[in-house]
Every structure is written in structure tokens, then in C-alpha cells.
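See below for the structure under consideration.
Rule-based calculations on the coordinates, nothing more; no lab input. Keep in mind that this is a model prediction, so the values were computed, not measured. When we count neighbours, we look across all protein chains shown, and the Cβ atoms used for this are built from the backbone with ideal geometry, even at glycine.
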Amino acid sequence: MKSITVVGLGSGSEDQITLGIWKKVKEASHLYIRTEHHPMMNLLKDEHIAYTSFDNVYEKYDNFPEVYEEIVQTLLQHVLVIAEAGQEANIVYAVPGHPMVAESTVQKLITHCEEEGIVLNICGGESFLDAAFTALRFDPIEGFALLDASELQPSLLQPQLHTLIGQVYDKYTASDVKLALMERYPDDYEVIVGHALGVEGEQEIISVPIYELDRIDGYHNLSIIYVPRTTDDAVRNRTFDRLHEIVAILRSPGGCPWDQEQTHQSIRKNFIEELYEALEAIDADNPDGMQEEFGDVLLQLMLHSQMEEELGSFSIYDVLQTLNEKLVYRHPHVFGEDSAQNSEEALISWEKMKAEEQRANGVTDKRPSKLDGIPKDLPAILTAYKIQKKAAKVGFDWNEIGPVLEKIEEEIAELKEVIGSGEQDKQAEELGDLLFAVVNVARFIHADPEESLARTNMKFKARFQYIEEQLRINDKSFDDTDLVEMDQWWEEAKGIVKY
């Protein structure tokens, strides 16, 4: 029979190994040790137990995955060679701690042994978690997370859980942990570094603020970082779940009377206002303003989603799921096998997947016109831009910009013709035709007309404010000046004022 037995040597001294595992170690015909850097090695040497260590493999590679793969392949090859010789082999592979806790080689063995038809027996051992629970005095039933320092991301951190971070081998790893923690916790939040927990004479527990994690010495293969759980709102306020909780409280019977009364329609205008305020912060290149205004926009999304959650329609998490699935689906050149070498190819890919998605959802059947699908509340200029783009996709378009410019001249002439007529409706209609033609030029030169006009508005405002400043400097009002003088200041502003 082809088989491998994996045993855990415990996380500390020889007193931690179980009697059953010790028997397996002593009776093994072939004993492999992942690393000799473990307190149990003294007992093996005292008992003159022969073994093969994989420490030399660590020196061959620059990364752990390759190390672990060679260890696993060596074990598998040994089993197969013995099996081919028709021999019974009692192969034991010993790892630090518990085989199923932070032991990548065992996870690889589980997969490979199943593929090769090799029986894999796994026997436990005291893990570093046992020592940590005892030394750090916390009960994991309160909520607990075990994370790998080498793969730590801020999104994995949950302040309301006790968090142990293993595989903190050195200061460089501790520095990476520090940066991840700082995304979720205050820089001076107290955490604990534990070295060799449970190992008599070597255990060391150090309390430090997060910002000092990479400034202390002593990190090695038996080091961990413990982040105590907290219910402090100052910490939880950096989490999305806290925002969801706050909005739910505001809308609840014991919450805010104003928030309780709101409906989709009552705060609809707030949504639009907050969007424009966010755009204003973007245009002003104001990071502080953007931070605040983006939060206000997010609040509107949360409020509308909370209203639907109360009705049982959907929650904000359904919104997130729909968005994530859409982003992945519409980016096959990122998450799939397609490719895009530039932004134009990426946009073509996006539009293709969007069309397929709409066909699958029956959206196209509900839109008899090619011009459907444009939100009715978009600003008129942006609506014109989108209408023209949709019409152009089916060939209703000029091939070059020349006729587009001629169309502007034609519309100007028609506007001039009706200006003296006194027919206001006709004048407004011709003005609309002119604006529509101008928007077409924007499309041909790949300029967003809404953004272009917004920039011109800002430019005009900045130059006009320069005129106002000159009036103040000269102790004048608008009644004390004329168009000639204001036009001189306007020309000055062109070369001075930034917007």
C-alpha cells in the first residue's frame, strides 16, 4: 500500500508532543523532517533517531512555493519508488505545530496524494494556536481570525475579531503587516508580538503600537503578531460594515426621525446635488473636498439601498455582488482569456460583453429603438452627445468633420434669420439645432462637450473674478467702469489667471 503519515511535532518543547505521535516517529522506517529549526530536534538527537531534513531545499530557491513543491515531490517519489519495489514502507513526514495549521506542504500533499492514489494519514499535534491562546489569554469563541503575513490584505482584517498573524519571519514581513494594519487601525493601536510562544526559556511577549512593528528585533520562524479585538467605533468607522450598520440605525424605529421619513423620491434631488458637489471637488483638484463629497455620494447609495433592504427587495451587498459580477464579466481581457493592447480595444471588448449581457437578460427586446437606454435626467448636452454616438454606431453619421462644421454654419445662418422675427419658440428651436451641431463637433474631436463647457465656465469665472479684483484694487464698482476698461482687464487675465 502506498501511504504517507504526516505528524505534528507541536509548537514548542518536547513536552508538547503527544504519546501517539512520538510512537509513530520512533517506529518510522523513513522519517522526514521539514525543518530542523524546532525545539523537538534535541529529543530526536538524544534518542538517536535517524531522519532526513529538508532544510537544504530552502537554500536552493528564492521563494517558498518552489521550496514546498520540491519537498512534496520528493516525498511522493520516495513512496512510488518503494511501491514499485513491492516493499511496505512506513514513511512519516513531521512538521512543526499541527499539520493542518499554516502548513502549505500538507495542503499540497492532500491534492497530490489524491491524484496519485496515495493514502495520506494526518495526525495532529499542538499548534502554535494552542500556545497563543494560553499565552495571550483570549478565548477564540469571541471571534477569531488566523491570517498569513505573506498574503495579508487590509480587506481581510476585521477589528471585531481577535486576529493572529503568523509567518512573520523578519522585519521586512513585519513592515508589510504594519502597512496593512494601518489601513484599518490607528497608527498607535497596541498590538502584541509573540516570539516562541510556549517554548520554555525562549517565549517573549512584546506590546507595541502598530507603527513600531518593524522597529523591534527578534523576528524568526516562531514569531506571530496578535491584534486584540475591539468594538471601539473609532476603529470600526474605517469599515464598510460599520457604515451599513449606521445607516440601518438611522432608518430604524429608534433612529433619526428625518431619515425615517425619507423615500426614494424625497431624497432624489439630494443624490443629484451630491454628485455635482463631488464633481466640483474633482474639478478643483481638492483631495480633502473629494474625500468628503465622495462620502456624501456613498451615503445616498446606502440610504436608497437601505430602503429596499427594509422592503426585502435587495441589500447593499446585492448591489456589490451585481457590480462585481458585471465588472468581471465585462473585462474578459483582464479576468478572462481575451486581450486588449490599448484603451480602444478595451472599450470594444466592454461594449461587446455589454451587448451580450443585455441580450441574455432580454434588455434588447424591451428597447425597440437604437436610441433607448439613455437616462432621461441627463443634462441636455450630454444627452445629445449620447444620442449622436448611438446613431453613429449604426452608420447614421458623416465620415469626416468637414460637413459637421458646415452644419454649424448652416444652423448659425438659420438662427440669424429668425432672430429678428420675434418668434421666441422658433428662435429657441434654432438655438437648440445649433447646440446639437456643436455637440457633434465635440464627438468628432473626441472631446466630452459637458467637460469642455464646464472648463469654459471655470475659465470665464476666473477671468471675471480678476476684473472684480481690479475694481477693488482701484476702489471702483461696476457703476464706475465701462466695457472698454473691463475688456482690458479681461485681456490681462488671459495671461495671468489660472483656472
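Karplus-derived 3J(HN,Hα) values for the stretch 463-479, using 6.51 cos²θ - 1.76 cosθ + 1.60 with θ = phi - 60°, are 6, 5, 5, 5, 4, 4, 5, 5, 5, 5, 4, 8, 6, 10, 10, 5, 6 Hz; glycine and proline are entered as x. Two numbers describe the Cα atoms of the stretch 216-283: Rg and Dmax, which are 20.5, 60 Å. Collect residues whose amide H, placed 1.01 Å from N in the peptide plane, falls under 5 Å from the amide H of Tyr32; neighbours closer than 5 in sequence don't count. Those lying under 5 Å, H to H, from Tyr32 are Thr52, Val92, Tyr93, Ala94.
Can you bin the stretch 1-120 into rounded, prolate or oblate? Criterion: square roots of the alpha carbon gyration tensor eigenvalues sorted a ≥ b ≥ c, rounded for a/c under 1.5, prolate for a/b above b/c, oblate for the rest. Working shown, then result.
Working: a/c = 1.61, a/b = 1.19, b/c = 1.35.
Here the stretch 1-120 falls in the oblate category.
Across the stretch 441-451, coupling constants 3J(HN,Hα) worked out from phi with the 6.51/-1.76/1.60 Karplus curve, θ = phi - 60°, read 4, 4, 5, 5, 9, 6, 10, 6, x, 5, 5 Hz, and Gly and Pro carry x. Comparing Cα centroids, the stretch 244-315 and the stretch 121-167 end up 36 angstrom apart.
Ordered by the number of other Cβ atoms lying within 10 Å of each residue's own Cβ, fewest first, Ile210, Ile387, Ile205 fall into the sequence Ile205, Ile387, Ile210. Using only Cα atoms, tell me the angle between helix 240-251 and the longest principal axis of the chain; keep it within 0 to 90° and round to the nearest 10. So the helix axis and the longest Cα principal axis differ by about 60 degrees. Compared with the dominant Cα axis of the chain, that is its longest principal axis, helix 380-393 is turned about 70°. Between the helical axis of 343-360 and the longest alpha-carbon principal axis of the chain there is an angle of about 90 degrees. Listing Cys113, Cys123, Cys256 from fewest to most neighbouring C-beta atoms within 10 Å gives Cys256, Cys123, Cys113. Taking amide hydrogens as placed 1.01 Å from N in the peptide plane, the amide H of Ile122 sits under 5 Å from those of Val6, each at least 5 positions away in sequence or on another chain.
To make sure I understand, if each residue's beta carbon is the centre and we count other beta carbons within 10 Å, what order do Thr322, Thr239, Thr173 fall in, fewest to most?
Going from least to most buried by this count: Thr322, Thr239, Thr173.
Backbone geometry of the stretch 178-194 corresponds, through the Karplus equation with coefficients 6.51, -1.76 and 1.60 at θ = phi - 60°, to 3J(HN,Hα) couplings of 4, 5, 5, 5, 5, 6, 10, 10, x, 4, 9, 5, 6, 10, 10, 9, x Hz, x marking Gly and Pro. Taking a ≥ b ≥ c as the square roots of the Cα gyration tensor eigenvalues, the stretch 367-447 comes out oblate, since a/c reaches at least 1.5 and a/b does not exceed b/c.
What value, in deg cm²/dmol to 500, does the helix sum -39500 (n - 2.57) over DSSP H runs of n ≥ 4 give at 222 nm once divided by the residues of the chain? Please list the in-between numbers first.
Numbers: 20 runs with 264 residues, N = 499.
My calculation for the chain gives -17000 deg cm²/dmol from helical runs alone.
Using the Cβ atoms and a cut-off under 10 Å, what net charge is assigned to the surroundings of Pro39, where Lys and Arg are +1 and Asp and Glu are -1? Cβ neighbours under 10 Å give a net charge of -4.
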